[in-house]
Amino acid sequence: MHLQLAWRNLWRNTRRTAIILTAIVVGVWAMVFLGALMRGMADGMVRNAIDTLTGHIQIHREGYRSDPVIENRIDDPGRLIPIIENALPPDARWAARVRVNAVANNARHTAGITLVGIDPEAESAVSFIGRPAISQGRYLRPGDDNAVLAGRALVDDFETRLGHKLVLMSQDAQKEVASRAFRITGIFEAELEATEKGFLFVHKSTAQEMLRMGDAVSEIAVMLADRTSVASVADDVRSVLPDAFVVHTWRDLLPAITGYLDIFDGFMYLWRLIIFIAMGFGIVNTLLMAIFERMREFGLLKALGMKPWWIVRSVLTESLLLLVVGLSLGNFFSLLSVWALSKKGIDLSAFSAGTDLAGISRVVYPVLESRDLAAANLVVFALGLLISLYPAAKAARFTPVEAMAHT
Amino acid sequence: MPIVACKNIRKTYRQGDIEVHALRGVDLSVDKGGFIALAGPSGSGKTTLLNIIGGLDACDEGSILLDGDRVDQMTASKLADMRLHKIGFIFQAFNLIPVLSAEENVAYVMLLQGVPARECRERARSILDDVGLADKYGRRPHELSGGQQQRVAVARAIVSNPSIVLADEPTANLDSETGRGLLEMMREMNENKDVTFIFSTHDRMVMEHARRLVRLRDGQIVDDANHPVQ
């Protein structure tokens, strides 16, 4: 009957209960759904960065990270790759690349870019370029010795088009200037404009020939099926490689994003707390109003033999029911919103300049992690009960005579 | 042994700088099975005395024995226990919990005592039958008349077989016919179930129904006489 009594007390003033329930539902929705959107943005940033030639793990020659020049190349990848393959899980994919700074120019324009020599088939499993990124023309085919893939933004900047020539220049392995003319066979589009402007892709063998580096490559990138196992796989690879090579995870390679992710969780807790504070005032106010209205009744209950602790328990039960109903509805609407946006996401193309700067995808999909859902529910539930102690204690503190004399 | 024994009860309230002496050395002894009215004008101290006997308020001086226990020396928790198990209360108004039905109002006290729910329901219905509300189990207080509400309060007060029932002006808000019916019902309970009743009242009808009439004035007992049974 205690639950029944609490439930009926809750609905004595339907409008007031409905208002505070709405506040809880909106608060929970904001915590869960908007939290999922923020998590989606962060996740999109990570995915973009990993897709943009980072991968989950990279293997370089020692010194390449601080000075990514052609001298710090991996000279004998044929010997290294079987060792790496043995240390990787069977579902891992890898690609060896040539990656050097270069200058691209045509009759109208010149720009510094990163020239990437790829194995087209292997690369498609580890970065964005092999996937349906080509919006015009075609992907690299065997024998495309003079073909280059350029980004849409770079093509626009250079005022060029498919089939036209681009001249690429870089320093070769003999420290001479290497230069070669390529023809644009494909134009790719990426999530970020910076990617479209910053990279040009050619066959790995073409790059090796142009830069006179034999079979050497700059890096080996690995993509795993599961991002959570990166650290342990990196350790496995590290343990089998000679000392002259270093293994980096995407967290090492993307320090800015890693830093952002580290503060993101703290920010999420702060965000939940701020929403809760606003909601908490409503809960306390509603309970206090309900208690002062029923002060005579509490006096009666005390006169009948109810102990102060039982009064606290009965007020907390009302608060508990309010929170359970609010959380259930809030979670329901949050999950509904996440589900509704899970297919198409939210298109932020209109703000692409801003999103590009932050490395955020143009389309954001909500990502609801169970820990975020649990944290939001726990914050509302635990803090909700905690702040309800104040009105509950107030109701319990009065003597029966004081309470029954209350008007 | 008396069921209630008050000795030299004194109680002073402070209203700002003014001291109001509500009780000035009251001695009162009540035997089991008594049907007693504490009468007197407003401010005479009858409700204060009733509250002190029931442990709702504390006295400044004196001692109160209720069923052998010193009420004036009990902690708040012990007082709550005593009220729950030994005393039934009937108030002038605000007697019932508005969101509970008549049956639930009666059963609630037993639930607090830890009586199993099924037994609570059976006993609540039985006592409601006794007070003439057999067809009103499921009615909420606002669906009952003032007299019916007071009957539910009486049923709740006696359902757990308390040592004593304390009634603070139980007929004050009732018309005379309803009040008479209620009093007769309580007299029946007193006679058939040997429940002790103490009323505070300034209703002449209640005084006439009481077997003992204690008159208070300015915080002191001025008359204490057995009353002929009507």
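The values are calculated or read from the model by the stated rules, or taken from the named source; none is laboratory data. Fair warning: this is a prediction, and the values are worked out from it, not measured in the lab. Note that each Cβ is placed from the backbone with ideal geometry, even for glycine, and that neighbours are counted across all protein chains shown. Keep in mind that these areas ignore ligands, DNA and RNA; they rest on the heavy atoms of the full protein, side chains included. Shrake-Rupley method; radii C 1.70, N 1.55, O 1.52, S 1.80 Å.
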Highest-fluctuation residue, A:179, A:205, A:239 considered, GNM on chain A with Cα pairs under 10 Å: A:239
Over all directions, the average projected area of the alpha-carbon convex hull for region A:55-253 comes to how many nm²? 10.6 nm²
Which pairs, out of B:46/B:86; B:32/B:136; A:394/B:193; B:46/B:78, put more than 29 Å between their alpha-carbon atoms? B:32/B:136; A:394/B:193
As an exercise, use a Förster radius of 41 Å and the Cβ-Cβ distance of residue B:15 and residue B:161 to find the FRET efficiency, rounded to the nearest 0.05. 0.55
To the nearest 0.05, the calculated FRET efficiency linking residue B:122 and residue A:342 through their beta-carbon distance, R0 being 56 Å, is 0.50
Which of the aspartates and glutamates could a cross-linker bridge to residue B:11, judged by Cα under 14 Å and excluding same-chain residues fewer than eight apart? B:19, B:27, B:57, B:60, B:61, B:72, B:218
Which whole-number value in Å³ per residue fits the convex hull of the alpha carbons of the protein assembly as shown? 225 Å³
Apply the a/c threshold of 1.5 to the C-alpha gyration tensor of region A:68-184 and tell me whether it is rounded, prolate or oblate. oblate
Net lengthening on full extension, residue A:173/residue A:381 (0.36 nm per residue, minus Cα-Cα): 68.5 nm
Antiparallel DSSP beta bridges within region B:124-230, percent to nearest 5: 55 percent
Helix-derived mean residue ellipticity, 222 nm - over chain A, DSSP H n ≥ 4, -39500 (n - 2.57), to 500: -16500 deg cm²/dmol
In short, region A:1-32 residues buried by 20 Å² or more of accessible area relative to the isolated chain (1.4 Å probe) are A:1, A:2, A:5, A:8, A:12
Once both labels are modelled 7 Å past Cα along the beta-carbon direction, what's the residue A:125-residue A:22 spacing in nm? 5.6 nm
Between B:41, B:116, B:170, where does the largest GNM mean-square fluctuation fall for chain B, given springs only between Cα atoms within less than 10 Å? B:116
Looking only at A:128, A:281, A:333, which one moves most when chain A is put into a Gaussian network model with springs between Cα atoms under 10 Å? A:281
If R0 is 45 Å, what FRET efficiency do you get for residue B:32 and residue A:313 from their C-beta distance, rounded to 0.05? 0.80
What average number of partner chain Cβ atoms lie no more than 10 Å from the Cβ of the residues making up B:82-88? 3
How much of the accessible area of the protein assembly as shown, probe 1.4 Å, is carbon plus sulfur, in whole percent? 53 percent
All-pairs alpha carbon distance profile, chain B, 10 Å steps from 0, percent: 8, 33, 36, 19, 3, 0
Relative contact order in percent for chain B (Cα pairs under 8 Å, 6+ apart) equals 29 percent
